[in-house]
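Colleague: My structure is below; once you've seen it, I'll send some questions.
The numbers here are math on the coordinates, done by the rules we state, and not lab data. Quantities reported herein were computed from a predicted structural model and do not represent experimental measurements. In this analysis, Cβ positions are derived from the backbone assuming ideal geometry, glycine residues included, and neighbour counts consider all displayed protein chains.
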Ligand code: GLN
Ligand code: ZN
């Protein structure tokens with residue numbers, strides 16, 4: 001019999017119950033007991049949804065983050081968490097968010113740093129290490145969840161983060177070597193495993209996704225040492241890898257003294273045969289055969305076609321599961337009553353994915369005839385999608401086929417373009433601008449909601465947005481900014497706004513995916529060929545430009561960001577989808593230019609996060625990502641100035657690719673890292689304009705003129721001042737006008753001081 005199991009279930013709840021329960025608790029409107037009861041209710045419901053599986057995960061549920069949970073289990077909690085006292089729950093939230101419900105006025109506890117979980121859009125709390133770090137086992141959380149599961153008769157497979165990945169995900173705060181902590185860490189892991197065995201646990205899932213990244217020799221050795229040290233402790237270990245192939249780590253993973261290995265067969269299907277050959281005859285192989293990162297129905301026939309021979313070979317040793325935790329997909333498609341039925345019939349969310357798993361196991365164990373009806377229905381849906389006119393538009397295919405290298409090429413090199421642009425734009429040195437959005441006020445959101453509900457007609461909505469644009473232009477003129485923006489009042493979200501106007505995109509009503517803590521995102525579903533039926537932003541920008549003599553910057557989201565923040569098609573390479581997006585944005589760029597817009601910004605906020613986990617794949621990704629940007633941006637005349645914006649500070653390693661985008665100006669996030677980012681420019685002379693963000697918009701604090709000056713002077717020491725722009729480090733939509741105005745005032749004053757000194 002084929003064993004079925006799941007690596008993790010989305011914990012936020014089909015209706016985001018956990019989000020709302022957390023927020024009530026944080027606001028003091030619910031007690032800890034009420035929060036715990038809600039959480040227990042969700043766990044019970046989620047186990048019920050997994051009851052057809054042979055093993056359900058336990059311990060995958062988290063009130064905030066599974067990495068933070070592991071830090072608590074390992075007794076590895078920053079001292080600042082308990083220095084303010086409070087319950088363990090409050091200490092937990094203090095690390096997660098910088099404060100617990102009790103310490104409303106205590107701005108002194110800083111939250112743990114958050115960063116992206118591998119190549120997903122989920123953020124975890126980074127473990128903080130130093131030379132004095134100690135560990136001490138705390139089984140309380142796992143024990144409580146295990147008890148609940150046992151009481152409910154769940155066949156529990158506890159999930160823990162493995163020691164290698166735990167260290168790998170953390171950061172050393174004092175420059176000491178993280179790996180030096182391994183022996184101490186392993187003692188606690190051994191204790192944890194022994195305790196799980198004493199609880200009667202048969203299997204424990206030990207997540208080691210770090211094995212899907214490029215590890216150097218020291219980390220590979222550490223992996224070997226770790227599992228050698230844990231041998232003989234606790235229940236049977238299922239070592240879980242996911243998010244990609246193991247590459248050179250495959251022999252290492254298969255040689256570890258564990259009872260089983262989970263391999264992501266969606267992304268590492270080509271490694272299955274090697275894994276089988278490398279594993280010892282008693283080891284089990286768990287294959288991730290249903291995509292845990294995307295929302296498409298599995299092609300069950302195609303999966304069975306390769307899985308059946310594997311099953312004949314492995315027999316009892318074969319387990320099947322989703323490729324990774326289902327944390328990364330929405331809970332239940334049943335709630336999507338508004339989606340076009342045809343599109344809906346192509347999709348599977350977490351609950352549906354587990355049903356697919358059950359069907360696969362059934363077909364493997366009892367033959368396809370046993371589940372014939374379901375298989376036929378699946379095949380029909382898969383076939384309909386493959387042939388659908390909604391998906392394939394010959395016109396788009398023709399346009400993509402007609403792409404030429406010249407389309408990504410400006411007519412002249414940057415220096416020459418700059419001369420023409422300078423003549424048109426007439427900007428001072430150290431020109432000032434903003435990143436695009438201004439505060440999304442309650443008024444704006446209410447107008448949008450009323451418009452959505454049909455209470456405000458199109459003309460009324462347009463008038464309301466135009467009023468916002470007027471206000472925004474007036475404020476920017478009063479501030480004395482040099483390049484203005486329209487403020488993005490009409491945009492709900494920088495991807496959704498464009499997706500809604502493009503063919504090929506659909507939107508779920510409830511397809512929420514946890515981003516961090518109580519925060520969720522609802523990624524658009526990019527299901528078909530992308531086409532722009534009509535201009536998307538031209539009217540708004542034209543209106544804004546009509547209000548001022550200053551240059552008005554057109555504002556677009558770039559193709560790579562549109563791609564990386566959506567659920568995308570799995571029936572063609574990402575690169576192909578990205579090129580279609582690039583053509584749609586290119587049309588918009590050219591329409592803006594025709595409308596007289598002289599500066600156009602194309603945001604690529606998510607370019608970096610699309611980087612593959614393995615270094616050897618970076619060039620391929622960067623190749624088509626940069627090409628897509630260039631196709632989108634570079635169909636303009638020399639006199640039109642192209643800007644791009646990226647909100648992150650680590651791009652030392654991709655600086656050449658960023659230069660290859662050849663935007664005339666790039667604005668970047670640097671204020672939080674104290675311009676550390678500019679290190680990237682030491683060995684590399686970035687040729688074009690650059691605006692190192694000097695106002696941290698993520699903080700409510702007002703930067704002073706002196707602070708901004710200091711940052712700009714630091715920048716001017718590294719980069720020729722003629723290349724420098726002065727701007728905040730991201731859009732202002734989450735800030736209030738009262739915060740934005742004084743900050744921008746100081747920014748403009750700083751730029752004036754710089755000019756006078758020049
Ligand atoms: N233009 C967008 C804004 O200002 C950019 C947002 C982003 O980079 N995340 O909001
Ligand atoms: Zn940004």
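Colleague: By how many degrees, 0 to 90 and rounded to 10, does the Cα axis of helix 88-97 deviate from the longest principal axis of the chain?
Modeller: Helix 88-97 and the main axis of the chain meet at about 40 degrees.
Colleague: Sorted by average packing, counted as other Cβ atoms within 10 angstrom per residue and highest first, what order do 79-85, 695-701 take?
Modeller: By packing density, highest mean first, the sequence is 695-701, 79-85.
Colleague: Which three numbers, in whole Å and largest first, are the semi-axes of the equivalent ellipsoid of the chain derived from its Cα gyration tensor as √(5λ)?
Modeller: Output for the chain: semi-axes of 45, 31, 26 Å.
Colleague: Compute the distance from the alpha-carbon center of the range 571-605 to that of the range 375-423, in whole Å.
Modeller: That distance is 9 Å.
Colleague: Let me ask you something else. Between rounded, prolate and oblate, where does the range 606-671 land on the alpha carbon gyration tensor, with a ≥ b ≥ c its root eigenvalues, rounded for a/c under 1.5, else prolate if a/b exceeds b/c? All intermediate terms of the calculation are to be shown ahead of the outcome.
Modeller: Numbers: a/c = 2.60, a/b = 1.40, b/c = 1.86.
Oblate.
Colleague: If you average the sequence gap of Cα pairs under 8 Å that are 6 or more apart and divide by the length of the chain, what percent do you get for the contact order?
Modeller: The normalised contact order for the chain reaches 11 percent.
Colleague: Can you give the % of DSSP beta bridges in the chain that are antiparallel, to the nearest 5?
Modeller: Among the beta bridges of the chain, antiparallel pairing accounts for roughly 15 percent.
Colleague: Another question, if that's okay. Modelled label-to-label distance, residue 282 and residue 745, 7 Å Cα→beta-carbon offset: nm?
Modeller: Those two pseudo-labels are separated by 7.6 nm.
Colleague: Can you tell me how the range 131-280 classifies by the Cα gyration tensor, rounded, prolate or oblate, using a/c under 1.5 as the rounded cut?
Modeller: Judged from the Cα gyration tensor, the range 131-280 comes out oblate (a/c at least 1.5, b/c at or above a/b).
Colleague: Rounded to the nearest 0.05, what FRET efficiency is calculated for residue 236 and residue 710 with R0 set to 60 Å and r the Cβ-Cβ distance?
Modeller: With R0 = 60 Å, the Cβ-Cβ based efficiency is 0.55.
Colleague: Now a separate question. Taking N as the number of residues in the range 251-361, what value does Rg over Cα atoms divided by 2.2 N^0.38 Å take?
Modeller: Cα Rg divided by the expected 2.2 N^0.38 Å: 1.17.
Colleague: Give the relative contact order (percent, whole number) for the range 609-758; include only Cα pairs under 8 Å separated by 6+ residues.
Modeller: 20 percent
Colleague: Any chance you could list the semi-axes, whole Å, largest first, of the equivalent ellipsoid that the Cα gyration tensor gives for the range 249-299, using √(5λ)?
Modeller: Numbers: eigenvalues 105, 20, 17 Å².
Rounded to whole Å, the semi-axes are 23, 10, 9.
Colleague: Just the Kirkwood number for the range 178-217, please: inverse of mean 1/r across all distinct Cα pairs, in Å, one decimal.
Modeller: It is 12.2 Å.
Colleague: I'd like the orientation of helix 140-151 relative to the chain: the angle between its Cα long axis and the longest Cα principal axis, in ° from 0 to 90, rounded to 10.
Modeller: Here the helix axis deviates by roughly 60 degrees.
Colleague: When only C-alpha pairs under 8 Å and at least 6 residues apart count, what is the relative contact order of the range 426-515, in percent?
Modeller: Relative contact order of the range 426-515: 37 percent.
Colleague: Now, a different point. Report, in cubic angstrom per residue, the convex hull volume of the C-alpha atoms of the range 565-716. List each step's numbers first, then the result.
Modeller: Details: hull volume 21.5 nm³, N = 152.
Per-residue hull volume (Cα only) is 141 Å³.
Colleague: Would you mind putting 576-585, 265-274 in packing order, based on average other-beta-carbon counts within 10 Å, highest first? Show your work: numbers first, answer last.
Modeller: Values: 576-585: 24.8, 265-274: 18.1.
Highest to lowest by the protection proxy: 576-585, 265-274.
Colleague: With everything on Cα atoms, drop me the angle between helix 217-230 and the longest principal axis of the chain, reported from 0 to 90° to the nearest 10.
Modeller: The two axes meet at around 30 degrees.
Colleague: Once you wrap a convex hull around the alpha carbon atoms of the range 716-757, what is its projected area averaged over all directions, in nm²?
Modeller: 3.5 nm²
Colleague: If you take every DSSP beta bridge whose two residues both sit in the range 503-639, what share of them, in percent to the nearest 5, is antiparallel?
Modeller: Antiparallel: roughly 50 percent of the beta bridges in the range 503-639.
Colleague: To the nearest Å, what is the center-to-center distance of the range 685-757 and the range 283-337, using C-alpha atoms only?
Modeller: 49 Å
Colleague: Assign one of three labels to the range 326-433, namely rounded, prolate or oblate, based on the Cα gyration tensor with a ≥ b ≥ c the square roots of its eigenvalues; rounded applies when a/c is under 1.5, prolate when it is not and a/b is larger than b/c, and oblate otherwise.
Modeller: Prolate is the answer for the range 326-433, as a/c is 1.5 or above and a/b outweighs b/c.
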